[in-house]
Amino acid sequence: MAEAEKSEDKRGGPGHNVVLAVVLVFPILKVAWTVGGGDAAWDVLVALEPRNWLDVLMGMVRNSVLLAFILAVVTSRMTFLFMAARGGLPRGSGTGTLLAATAMSLISPLAFGLLMTVFFDWRWGLATALGAWLLRQGVVIEYRTGHRGRRERSEALAPWQHRLISAERITATLLAVVALPVAAFAVALDGRSWTSLEKCEVQVGTAQESSTLIELTRMGNGIVGWDLDRDEVANAQGCVKVDDLVVREPWWRS
């Protein structure tokens, strides 16, 4: 096996750096655009604390079924490549080996499909499971036959297998390198809150005033949130959830 290709697989295949950027950078971009950037974004991130930053990514995924679908399919393939490159996929042409490889290739797609069904609906769950499964069949063929990374692959495998492998690689690369960052960028700059908006009572001097807050954390009977009316982090009580998540105009309309 070519060491370069094996090394790439151990990192999750093409686009793994893009996935890391989406997971680590785009949530911060989401916060910055939603609350106005600069000191406001910093104040929100400090109030969230690093251990809760993942909540922003989860909110982005929950509020965009397209982003959730692409991220699930890409992540599923990355984990499969990682496992296969470390010898987790059985090799051989026997019926038992084929069944074992098929079963292993189904685990992650079914898991992601179940999550998509729970959070969205069965149609997206089915599409995710099917897409994730299809985008690993070329990998299964190459690793099972021991031809992953070999130059003579086109001669050793059937023509239809070579076409499947090529189509899978192109599709997976486009999803990871093009579709995923575009979808994440659109969600980050859509002007919608990543979490619920709450109408609450906020203490202002000696008076109680009603304000709309982006919920950051729960605290006792109230919340800590970003006060959209005063542009500051505030403690609030007596909160009622607001159905609309729109905070500001999306980037492409501003």
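The values are calculated or read from the model by the stated rules, or taken from the named source; none is laboratory data. Please read these numbers as outputs of a predicted model, since none were measured by experiment. Methodologically, a virtual Cβ is constructed for each residue, glycine included, from the backbone with ideal geometry; neighbour enumeration extends over all protein chains shown. Keep in mind that these areas ignore ligands, DNA and RNA; they rest on the heavy atoms of the full protein, side chains included. Shrake-Rupley method; radii C 1.70, N 1.55, O 1.52, S 1.80 Å.
Values for this structure:
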| item | result |
| --- | --- |
| Solvent-accessible surface (1.4 angstrom probe) belonging to Glu168, in square angstrom, nearest 10 | 10 Å² |
| Förster radius 25 Å - calculated FRET efficiency between Val118 and Val224, Cβ distance, rounded to 0.05 | 0.35 |
| Gain on full stretching of the segment that runs from Asp231 to Arg169 - 0.36 nm per residue minus C-alpha separation | 17.7 nm |
